[in-house]
1. Pick from region 30-68 the residues that are among the β-branched types (Val, Ile, Thr), assigned to a helix (DSSP H, G or I) and over 14 Å from Glu165 (Cβ atoms): which of them is modelled with the lowest pLDDT?
2. Are there any pairs, at least 6 apart or on different chains, whose C-beta atoms fall under 9 Å, with the first in region 140-161 and within 12 Å of Asn37 (Cα to Cα) and surrounded by 11 or more Cβ atoms within 10 Å (Cβ to Cβ) and the second acidic (Asp, Glu) and modelled with pLDDT under 70, and if so, which?
3. Look at region 105-131 and say how many of its residues are touching a Lys or Arg at 6+ places or on another chain (Cβ under 6 Å) and either outside any strand (DSSP E or B) or basic (Lys, Arg) (or both).
4. Every residue in region 32-58 that is surrounded by 15 or more Cβ atoms within 10 Å (Cβ to Cβ), touching a Phe, Trp or Tyr at 6+ places or on another chain (Cβ under 9 Å), farther than 18 Å from Ser81 by Cα and not aromatic (Phe, Trp, Tyr), please.
5. Testing Val105 on (1) among the β-branched types (Val, Ile, Thr); (2) modelled with pLDDT of 90 or more; (3) out of contact with any strand residue (DSSP E or B) (no Cβ under 8 Å at 6 or more places or on another chain), one condition comes back false. Which one is that?
6. Identify, please: which residue in region 102-134 is of a type in the set (Gly, Ala, Ser) and on the phi > 0 side of the Ramachandran plot and is, among those, surrounded by the most Cβ atoms within 10 Å (Cβ to Cβ)?
7. What about Ile136, is it in contact with a Gly (Cβ under 7 Å, 6 or more places away or on another chain) and aliphatic (A, V, I, L, M)?
8. Of the conditions (1) under 30 Å from Gly27 (Cβ atoms); (2) of a type in the set (A, V, I, L, M, F, W, C); (3) at pLDDT 85 or above, Ile151 fails just one. Which one is it?
Amino acid sequence: MRTRNACAQSMVEFALVAPLALVLLLGIVIAGMYVTNEVRIGNALTDVARAGAVCSTSYYSGPVINATHAVTLPDGTPCSSTRFSSYLSSQLDQIDHQFAWSPTVSIRDQSSGSVIATQATADFLKECSPGNPITISVTYQQQLYVPFLGILFGSTNDTAPIKAEGTATCQ
């Protein structure tokens, strides 16, 4: 039979251990959210870069590859630089529609690696000649929900940056 002192000791031990266990559990959940969003954003950017690389074929082989297949974005819209930009925005908005996304799209020369076009360039997909890589990168501020966790991610506020990139080779 437990004595009164043993019950009191158990309550004190629980009072000391429970907050630490709760913080550890909360940290694991938030780290899981961070990694999940990092993977989701990376996958979305890779898919969009691939769509841009495929769209670039319409400039070199015409809008129709063969009699039955027109070159379109995955959402079914015909390829163009403006529609590609809209498609990119729609894919990122599916991850977080309240975040002010500012993706950087660049097309590099295959041999020198220098940037030959960006999203600001008129009809930039036209510069995506076969063999050149198209790269899309963003920085997303992941909400951490617990202020002191920002210290672990090197942040002074309650967010942590996620830097993601997607690359595909133009066809």
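1. Let us first name the residues in region 30-68 that are among the β-branched types (Val, Ile, Thr), namely 30, 35-36, 39, 41, 46, 48, 54, 57, 64-65, 68.
Still in the list and also assigned to a helix (DSSP H, G or I): 30, 35-36, 39, 41, 46, 48, 54, 57.
Narrowing the set further to residues that are over 14 Å from Glu165 (Cβ atoms) leaves 30, 35-36, 54, 57.
On the way: Ile30: 87, Val35: 93, Thr36: 94, Val54: 87, Thr57: 72.
Per the stated criteria, the residue is Thr57.
2. Note: no pairs meet the criteria.
3. First pass over region 105-131, keeping only residues touching a Lys or Arg at 6+ places or on another chain (Cβ under 6 Å): 115.
Those left that are additionally either outside any strand (DSSP E or B) or basic (Lys, Arg) (or both): none.
Counting residues in region 105-131 that are touching a Lys or Arg at 6+ places or on another chain (Cβ under 6 Å) and either outside any strand (DSSP E or B) or basic (Lys, Arg) (or both) gives 0.
4. Of all residues in region 32-58, those surrounded by 15 or more Cβ atoms within 10 Å (Cβ to Cβ) come to 34, 37-38, 40-42, 44-58.
Next cut, touching a Phe, Trp or Tyr at 6+ places or on another chain (Cβ under 9 Å) only: 34, 37-38, 41, 48, 51-52, 55.
If we keep only those that are farther than 18 Å from Ser81 by Cα too, we end up with 34, 37-38, 41.
Correct list: Asn37, Glu38, Ile41.
5. (3)
6. Restricting attention to region 102-134, the residues satisfying the condition of being of a type in the set (Gly, Ala, Ser) are 102, 106, 111-114, 117, 120, 122, 129, 131.
From what is left, the residues that are on the phi > 0 side of the Ramachandran plot are 113, 131.
Values: Gly113: 8, Gly131: 11.
Ranking the candidates gives Gly131 first.
7. Working: in contact with a Gly (Cβ under 7 Å, 6 or more places away or on another chain): yes; aliphatic (A, V, I, L, M): yes.
Judged against the criteria, Ile136 is a match.
8. Status for Ile151: all satisfied but (3).
The values are calculated or read from the model by the stated rules, or taken from the named source; none is laboratory data. Quick caveat: nothing in here was measured; it's all calculated off a predicted structure. Glycine gets a Cβ as well: all are built from the backbone with ideal geometry, and neighbour counts include every protein chain shown.
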